Structures are given as C-alpha cells and as structure tokens.
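This is the structure I want to talk about, given as structure tokens.
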Amino acid sequence: MATTSFHQAIWTIPSCGSLNSSFGNQENGHASLKLISKGFRLDFAIQTYSSKKQSFCVMQASGSQTSVFNPILSPSNGTPSDSKKKSNEAALILIRHGESMWNEKNLFTGCVDVPLTKKGVDEAIEAGKRISNIPVDMIYTSSLIRAQMTAMLAMNEHRRKKVPIILHDENEQARAWSQIFSEDTKKQCIPVVAAWQLNERMYGELQGLNKQETAERYGKEQVHEWRRSYDVPPPNGESLEMCAERAVAYFRENIEPQLLLGKNVMIAAHGNSLRSIIMYLDKLTSQEVISLELSTGIPMLYIFKEGGFIRRGSPVAPTEASVYAYTKGLAQYREKLDEMLHS
C-alpha cells in the first residue's frame, strides 16, 4: 500500500528582487505559494529579511507525493507555524572538540579522523554541563568523529534530555532505513547534520607528522607561518583563508537560515573552522583572526538578534545566573526546565 512522503528543504537566495516582483515588494515579511500537479503537491513559504548589510530570502518548500518511505527529520522539521515564524532571537553555541588522541601525541591532525582521548571525553562532558540550560534545536558537526563525539557527549548532559540523531542523507536507502515512525519520539529528538565543510583545515603533507620534529626539520619560522598565517598553506594543504571560504559559505547558506527561523543551534567543530566562523560573526580582520585562540571543550555563546550576532562569552557553569540574564528567552527557557524537572 502506497504511503505519502513529505520532503522539506531550505534555500537562501542572495537577492529577493525577482521574488519581490512576483509576491509584492515585501520587507521582513513572508508569502506562500502552492503548486499542484497530478500526483504531486509543492508548497512554498518565502520570507524576506533586510539588514543594513544585506537583503536575502529564506525559501522553504515542502512537497508530497506517492512514495514508499518518509524521512525521519530535516533541518527545517517542525510544525508549519514554527517554520514560517520569524523569531526575535536565537542562541548559537560553538564548541571546539575535546582533546584528540593526536593532540595528545603532538601530531598534525587536520582531516585525519582521530577520536577523543579520555581527557577529551571529560572536556566534552564538562562543555555539556555548561550549556545544559541553553536551548538546542539543531546540531551541526564536521564529518570527523572527534567533533561528533563532542556533540553527543555534550548533549548527554543537557537537562532537556532530547536525543541527538545524526541525519543520513547519503541516498534514498539511508533515509528510508533511518526513519522514525513515532511522532512523539520525533519531538524528543534533535537533528544532527554532519558536514565536511566544517572539518578542520587540511594540513596536507604535515598530517601525521610530529610538530616538534617538523619544526626542527623545516625551521620554527616556516612551521609557524604554515600554522598561523592567514593565506599561506602547508605543502598540498589548506590555508586558513581556504578553510574560511568553505566553512563560512556553509554557515551562511545552511546554518544562518535556521537561526533566522528561530532555531537554537549548536556547532561542534574544530579550531580553524570555528575561527573562520568567528571571524565572520565578529567581523575580524585577517590579522586579528590569526591570533584568535580557542580552547578545546569550551563552549562559546552568541545571541542572534535582528540579523546580527552578539558574543556572550562562555558559560562558566550551568547555574551561572548572568548567562540567563543575556536575553529574556534564555531566562524563560531555564524557568521552564526547572518547572518540568521539579513537577
């Protein structure tokens, strides 16, 4: 017996001119359109956003047709009213993964897929405790296990106790086999998107080499330039500038639209991919970003409000009162958690 499947996607469109001419010149508003053909229906919800720096659209489409499977979750998963609603603010949490086994051995790691050490596991757990009262609706990680371990261990400490579920969109079979059939269970899950664009920068021929031995071989100044310059890559590797191009593009095209829809987002990634994103968020210069240091396992909180990002530092502890005074929304969320867990 055939069933109906629903597919949702989000596109960010840099210019809204053609859409505004079709739907009426709307600013910070939304419009909808339904296309119906034989055996297929496609619904569009279009929101336009304007700021001093840019104007762009978030277009959300959902379609239904006769099919044999139903994807479990999507980044835009939620009720129709949720997906069309523009929120006044949203939380963005950045976490650099905990210590990896090659960090411990002082080896260049880059895009080699290395797991966490015991210390790294403890750092991820501690990070989770620090953000345990901050809402998380979506999680993005790199495709590397150390970032994914950090995200999962951190969310295991969250008071809301929702289960992070890695989305598998490799092919139709992967989507079909990972579907969830309980709506109640879906409500208790957090979708996790793994993206290679958030990977650590690729260190080329340095990957797997001991950092001290490499400095002795090539000279400290040369190795320092490879590691800390903005636009000089190691042999056959990526510079920070090259890493930033892919990481920031992914953030703007995939993560920022979720924040615009009011989704609270956590990103678990790496030193250089997160430095790249922070460069974009804080409007740092290429000289300022090369001196930016990120500690492993220390969460960084931003508030996304009115199209801009406000850095709020790192929560010191889950009971730190000042963290929840940043916004009314965070304070209310913590109050709801207290009521839920003590009722």
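The values are calculated or read from the model by the stated rules, or taken from the named source; none is laboratory data. No experiment lies behind these values; they were computed from the predicted model shown. Backbone-built Cβ (ideal geometry, glycine too); neighbour counts: all protein chains shown. Accessible surface areas use protein heavy atoms only, side chains included; no ligands, DNA or RNA. Shrake-Rupley method; radii C 1.70, N 1.55, O 1.52, S 1.80 Å.
Show the residue pairs meeting these rules: Cβ distance below 6 Å; 6+ apart or different chains; first residue within region 207-221 and within 15 Å of Leu107 (Cβ to Cβ) and of a type outside the set (Asp, Glu); second residue open to solvent by less than 100 Å² (accessible area, probe 1.4 Å) and assigned to a helix (DSSP H, G or I).
Once the first residue is within 15 Å of Leu107 (Cβ to Cβ) and of a type outside the set (Asp, Glu) and sits in region 207-221, its partners that are open to solvent by less than 100 Å² (accessible area, probe 1.4 Å) and assigned to a helix (DSSP H, G or I) give Thr214/Val223; Ala215/Val223.
Given Ile166, Ile190, which one is touching a residue at least 24 places away in the same chain (Cβ under 8 Å) and either touching a Pro at 6+ places or on another chain (Cβ under 7 Å) or farther than 30 Å from Gly237 by Cβ (or both)?
Ile190
Checking the conditions here, which among Ile125, Ile190 is within 26 Å of Val248 (Cβ to Cβ) and among the aliphatic types (A, V, I, L, M)? Show your work before the answer.
Values: Ile125 fails: within 26 Å of Val248 (Cβ to Cβ).
After ruling out the rest, the residue left standing is Ile190.
Please determine whether any residue of region 268-284 is polar (S, T, N, Q), open to solvent by less than 40 Å² (accessible area, probe 1.4 Å), on the phi < 0 side of the Ramachandran plot and at pLDDT below 95. Give the steps one after another, and end with the answer.
In the first step, residues of region 268-284 are kept if they are polar (S, T, N, Q); the result is 272-273, 276.
Applying the additional criterion that residues be open to solvent by less than 40 Å² (accessible area, probe 1.4 Å) yields 272-273, 276.
Now narrow it down to the ones that are on the phi < 0 side of the Ramachandran plot: 272-273, 276.
In the following step, the residues that additionally are at pLDDT below 95 were identified as none.
The answer is no; no qualifying residue exists.
Could you figure out which of (1) more than 21 Å from Ser295 (Cα to Cα); (2) free of Cβ contacts under 8 Å to residues at least 24 places away in the same chain; (3) open to solvent by less than 50 Å² (accessible area, probe 1.4 Å) isn't true of Trp226?
Among (1) more than 21 Å from Ser295 (Cα to Cα); (2) free of Cβ contacts under 8 Å to residues at least 24 places away in the same chain; (3) open to solvent by less than 50 Å² (accessible area, probe 1.4 Å), Trp226 violates only (1).
Provide a single number: the residues in region 180-203 that are touching a helix residue (DSSP H, G or I) at 6+ places or on another chain (Cβ under 9 Å) and surrounded by 16 or more Cβ atoms within 10 Å (Cβ to Cβ).
Total meeting the criteria: 12.
Under 7 Å between Cβ atoms, which residue pairs at least 6 apart in sequence (or on different chains) link something in region 102-121 that is farther than 22 Å from Gln197 by Cα and among the polar types (S, T, N, Q) with a partner that is assigned to a helix (DSSP H, G or I) and open to solvent by 10 Å² or more (accessible area, probe 1.4 Å)?
Asn106/Lys211; Asn106/Gln212; Thr117/Met101; Thr117/Glu104
Looking at region 288-330 only, could you name the residues that are closer than 30 Å to Thr117 by Cβ, part of a loop (DSSP other than H, G, I, E, B) and at pLDDT below 85? Full working, then the answer.
Here is the first cut: in region 288-330, the residues closer than 30 Å to Thr117 by Cβ are 289-302, 311-320, 323.
Filter again for part of a loop (DSSP other than H, G, I, E, B), leaving 290-299, 312-320.
Within region 288-330, Gly313, Ser314, Pro315, Val316, Ala317, Pro318, Thr319, Glu320 qualify.
For every residue, the table says whether it meets (1) closer than 30 Å to Asn156 by Cβ; (2) among the small types (Gly, Ala, Ser); (3) assigned to a loop (DSSP other than H, G, I, E, B).
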| site | (1), (2), (3) |
| --- | --- |
| Arg175 | yes, no, no |
| Phe181 | yes, no, yes |
| Asp184 | yes, no, no |
| Gln197 | yes, no, no |
| Tyr230 | no, no, yes |
| Cys243 | yes, no, no |
| Phe251 | yes, no, no |
| Ile255 | yes, no, no |
| Leu259 | yes, no, no |
